[in-house]
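Each value in this text was obtained by applying a stated rule to the coordinates, not by laboratory testing. Remember, it's a predicted structure, so these values are computed and weren't measured experimentally. In this analysis, Cβ positions are derived from the backbone assuming ideal geometry, glycine residues included, and neighbour counts consider all displayed protein chains.
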Amino acid sequence: MTVLDVFALFVLLVLIVSALGMWVFLGMLPGRIARRRNHPQAQAISVCGWWGMITMGLLMPLAFIWAYTNPPRHASSQERAPGSTQPENTDEAAS
């Protein structure tokens, strides 16, 4: 083996390791974004991101959009319709 053959193998190894590192980074990114934004469905977004990488990017746009969307907020006890079956918020009464 000549020096050029060893250098070519080294370059090939670096490219393979870099591609694997980018694959892992992109798979983790939607979940990290969701956790940083305190998304209530962060674990599901993380799973969607990994499935997106397994399916070669088919679910990745969905994972990124889902990570950046804000879920709808539930109505507070004053805004709730009369006759609602949801329990009242008792956190304020405890303090």
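Over all alpha-carbon pairs of segment 21-69, lay out the pair-distance distribution in 10 Å bins, whole %, shortest bin first. Percent of Cα pairs in each bin: 35, 56, 9. The slack between N70 and L4, meaning 0.36 nm per residue of separation minus the straight C-alpha distance, is 18.4 nm. The stretch between F25 and V47, if pulled fully straight at 0.36 nm per residue, gains 6.5 nm over its current Cα-Cα span. Projected label points at N38 and L15, each 7 Å from Cα along the beta carbon direction, are separated by 4.6 nanometres.
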